[in-house]
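Reading through the structure tokens given below for one structure.
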Amino acid sequence: QVQLVESGGGLVQAGGSLRLSCAASGIIFSINHMGWYRQVPGNQRELVATITYGGSTNIADSVKGRFTISRDNAKNTVYLQMNSLTPEDTAVYYCTAEILGAGAERYRSYWGQGTQVTVSS
């Protein structure tokens with residue numbers, strides 16, 4: 001059973017930093033894209049950043065220059081370094097990955113359970 005487990009969320013003051021981690025576990029043959037989305041209650045889930053297996057990234061304009069996405073393919077883990085946080089970054093952050101797991105014939109999208117990030121002013 002493939003799972004994504006996030007960690008690193010919490011409460012931070014404006015201007016501070018947090019680093020989120022998301023590790024994929026289970027019998028995994030390959031991981032294609034990995035990424036982070038966030039959602040505020042009442043709003044749609046929005047893209048924060050994605051990264052390909054080769055390291056190419058796509059960063060949302062709202063966080064460009066402040067957030068960095070990276071991954072460790074050997075550990076099946078993706079990271080989100082968040083700097084210069086503002087209260088507008090407060091949300092539940094979700095990890096996602098396209099994974100080819102055991103018994104599967106094609107890649108499938110998986111989501112983590114979400115981790116709360118709260119930025120106080």
Task: Selected residue (criterion: farthest from residue 86 (Cα to Cα)) from residues of the stretch 24-35 that are buried (at least 17 other Cβ atoms within 10 Å of the Cβ) and of a type in the set (A, V, I, L, M, F, W, C) - done: 31
Task: Filter result for the condition that a residue is more than 10 Å from the chain's Cα centre (by Cα), open to solvent by less than 70 Å² (accessible area, probe 1.4 Å) and not charged (D, E, K, R), over 49, 104, 97, 74 - done: 104
- [ ] Could you identify the single residue in 98, 46 that is in contact (Cβ under 8 Å) with a residue 24 or more places away in the chain and not hydrophobic (A, V, I, L, M, F, W, C)?
- [x] 98
Task: Answer from 66, 38, 19 - the residue that is open to solvent by 30 Å² or more (accessible area, probe 1.4 Å), in contact (Cβ under 8 Å) with a residue 12 or more places away in the chain and either within 21 Å of residue 5 (Cβ to Cβ) or in contact with a Cys (Cβ under 6 Å, 6 or more places away or on another chain) (or both) - done: 19
Open item on the list: Under 7 Å between Cβ atoms, which residue pairs at least 6 apart in sequence (or on different chains) link something in the stretch 79-95 that is closer than 13 Å to residue 66 by Cα and modelled with pLDDT of 95 or more with a partner that is polar (S, T, N, Q) and open to solvent by 10 Å² or more (accessible area, probe 1.4 Å)?
Closed with: 81/68; 82/17; 83/17; 85/17
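The values are calculated or read from the model by the stated rules, or taken from the named source; none is laboratory data. Because the structure is a prediction, the values reported are computed rather than measured. Neighbour counts run over all protein chains shown; Cβ positions are idealised from the backbone, glycine included. All accessible areas refer to the heavy atoms of the entire protein, side chains included, with ligands and DNA or RNA removed. Shrake-Rupley method; radii C 1.70, N 1.55, O 1.52, S 1.80 Å.
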